[in-house]
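In what follows, a single structure is set out as structure tokens and then discussed.
What follows draws every value from the coordinates through simple rules; no lab data is involved. All values derive from a computational prediction rather than experimental measurement. Methodologically, a virtual Cβ is constructed for each residue, glycine included, from the backbone with ideal geometry; neighbour enumeration extends over all protein chains shown.
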Amino acid sequence: MARIIGAVAIAFLLFMLGMVLGIKSLPPAKQLQDVIASAGQMKSLAVAAFKSRPDQHLSRRWYPDDGVTIADTDRMAPGVTFVSGLFGQRLGFRLFGADGQVLYDWPIDFFQIAPEKMQHRYHALIHGALLYPNGDVVANLDGRGMVRFDACGRIKWMNEDRSHHSIFADETGTLWAPIGVADYNNRAFANTTIRLDRIASFDPETGQKLSEIDLVDAIEASDMIGLIQDYYRLKDDVVHLNDVEVLSAELAPAFPMFRAGDLLLSLRNLNQLWVLDGKTHAIKWVSAGATLGQHDPDFEPDGTISVLDNRPLAPITAPDGYPGAHGGSRILAIDPAIGTHETLYRTDARNTFYTPYRGKHQKLPNGNLLIAETDAGRAFEVTPAGEVVWSFVNGWDAETVGWVLDIGRYPAQYGDFAGQSCN
């Protein structure tokens, strides 16, 4: 006991000394902060290594039921629903039919994909996943690379380009995603080293990187360095790029201020959306102020950009509780032509919606919205009038739920592969 008390006292003194030196910018403040941070990380890894539960992927339970709890097939958008998330002790994918039955459960566990690169047994995260008609799935092993599986769970290819967050397939099939941060020492931007994400495209058949776009080059070409002057607060992750989407030739007429091939970006840490010129990579459009910690912007056929506006204050286990101090998350439609926005969906008395740090949405052809409420372990579909017509709760045990990381409604024929044999 005396040793424990002594260790705690020393740690506290180091912490206080680090604070004082850090405030005054005196040496060796940086070294002490690194020691403290390393000690905290070691503790976190040690706890994860010995636990038998994937706490990183679990949240407090807010809903009492499990599985598909609502399936109003008459008012749902048709098709099959592809879900990625934590299912028991396995991190993977499932395909659901309209009435809630599991059509397919891929024999894939992301906790087993690249164990040599994991810091503990649960050190893996799916961020972005796409389903192909033959049952193939391409997904980001977040921060490490992209991987493509067949329907039987066999790896077709895997790269190590540090892709993360959402994956987007353009009209040619080319895959797009953010890739890992790089260090920049450009004094025109900052008087310290800062780190920004980049963008890359990939061959869907081989996983080979086809192109790379540097955001610093885009900012310089646009003469808009003021966009990132929040770096003092988050210099190690200035923008936190979490989505890249390409404007198709089909949708381009709805956006006369843009052209086919332009890139829509979500920069979470800046609370901004950008559109880059697809050829010069100059910044053509910026949206700021409407969103807070947003995810998953999409070009829509009506000429608006829909986006999941997370509006975080703190994790939902914190004292602000659920649905948070801002009244929950919401889905917005932003009109880039006139700079206005409207709320397509938000919390009401019928349904509470809050996912502070993760989540996805899809505007369906019948006008419904399909939403992954990741941090609450749930997914649901709502009509334009706000009525829930499909709901899935990913229960893990009596007190917790597993994250629903990604969701997508696909045409019914995307489930035809489910009866094939994997022998």
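Residue by residue, the range 170-175 carries 3J(HN,Hα) couplings of 7, 5, 8, x, 4, 9 Hz when phi is fed to the Karplus relation 6.51 cos²θ - 1.76 cosθ + 1.60 (θ = phi - 60°); x denotes Gly or Pro. Once each of the trypsin sites (Lys or Arg not before Pro) sitting in a DSSP loop with at most 10 other beta-carbon atoms within 10 Å is removed, the chain keeps 25-186 as its longest stretch. Each label was represented as a point 7 Å from its Cα along the Cα-to-Cβ direction; for Gln56 and Asp217 these points are 3.2 nm apart.
If a/c stays under 1.5 just call it rounded; otherwise compare a/b with b/c (prolate if a/b is bigger, oblate if not). Do that for the range 45-118, with a ≥ b ≥ c from the square roots of the Cα gyration tensor eigenvalues. In terms of gyration-tensor shape, oblate.
Each Cα pair under 8 Å and six or more residues apart adds its sequence gap; the mean of these over the residue count of the range 66-142 is a relative contact order of 21 percent. Across the range 234-294 the C-alpha pair distances fall into 5 Å bins from zero in the proportions 4, 19, 26, 23, 17, 8, 2, 1 percent.
Per-residue ellipticity at 222 nm from helix content only, as computed over the chain with -39500 (n - 2.57) for each DSSP H run of at least four residues, stands at -4000 deg cm²/dmol. Scan the range 370-406 for GluC sites (Glu not before Pro) in coil per DSSP, keeping those whose Cβ has at most 11 other Cβ atoms within 10 Å, and list them by number. Taking the range 370-406 and a limit of 11 other Cβ atoms within 10 Å, the loop GluC sites (Glu not before Pro) found are Glu399.
Overall, the anisotropy analysis places the range 247-376 in the prolate class: the square-rooted eigenvalues a ≥ b ≥ c of its C-alpha gyration tensor yield a/c not less than 1.5, with a/b exceeding b/c. So, R0 is 35 Å and r is the distance between the beta-carbons of Arg187 and Asp109; what FRET efficiency does that work out to, to 0.05? For R0 = 35 Å, the calculated efficiency reads 0.15.
Can you give the net charge of the other residues whose Cβ lies under 9 Å from the Cβ of Leu264, counting K and R as +1 and D and E as -1?
Once all neighbours under 9 Å are counted, the net charge is -4.
Counting only Cα atoms, the range 188-233 measures 41, 21, 13 Å along its principal axes, largest extent leading.
Pairs of Lys residues in the chain that lie 8 or more places apart, or on two chains, and have C-alpha atoms under 24 angstrom apart add up to 10.
For a paramagnetic label modelled on Thr73 (point 7 Å from Cα along Cα→Cβ), amide N atoms under 17 Å away belong, within the range 395-422, to 410-416. Between the beta carbons of Leu364 and Ala249, assuming R0 = 22 Å, the FRET efficiency works out to 0.50 to the nearest 0.05. For the range 387-400, the Karplus equation 6.51 cos²θ - 1.76 cosθ + 1.60, evaluated at θ = phi - 60°, returns couplings of 8, 6, 10, 8, 8, 9, 10, 8, x, 10, 8, 5, 9, 10 Hz by residue, with Gly and Pro reported as x.
What are the residues whose amide H is under 5 Å from the amide H of Met76, where those residues sit 5 or more places off or on another chain and H is modelled from the backbone? Amide H neighbours of Met76, under 5 Å, 5+ apart: none. Stokes-Einstein D for the range 100-230 at 37 °C, 0.692 mPa s, Kirkwood Rh over Cα pairs, in µm²/s? The estimated diffusion coefficient comes to 200 µm²/s. When each full DSSP H helix of the chain is screened for a Cα extent of at least 15 Å along its own axis and an average Kyte-Doolittle hydropathy of at least -0.5, the helices passing are 2-23, 29-50.
For the chain, the percent of C-alpha pairs falling in each 10 Å distance bin, counted from 0 to the bin holding the largest distance, reads 4, 20, 31, 27, 13, 4, 1, 0. Remark: relative contact order (the range 366-423) = 29 percent; criterion is Cα-Cα distance under 8 angstrom and separation of 6 or more residues. Using a Gaussian network for the chain with springs between C-alpha atoms less than 10 Å apart, which of these wobbles most: Ile199, Ile70, Ile126? Judging by the Gaussian network model, the answer is Ile70.
Residues whose amide H lies under 5 Å from that of Gly278, counting only those 5 or more places away or on a different chain, are Asp262, Leu263; hydrogens are built 1.01 Å from N in the peptide plane. The distance from the alpha carbon centre of the range 318-372 to that of the range 133-196 is 26 Å, rounded to a whole number.
Amide hydrogen proximity for Ile108: with H placed 1.01 Å from N in the peptide plane, the residues at 5 or more positions away or on another chain lying under 5 Å are Phe93.
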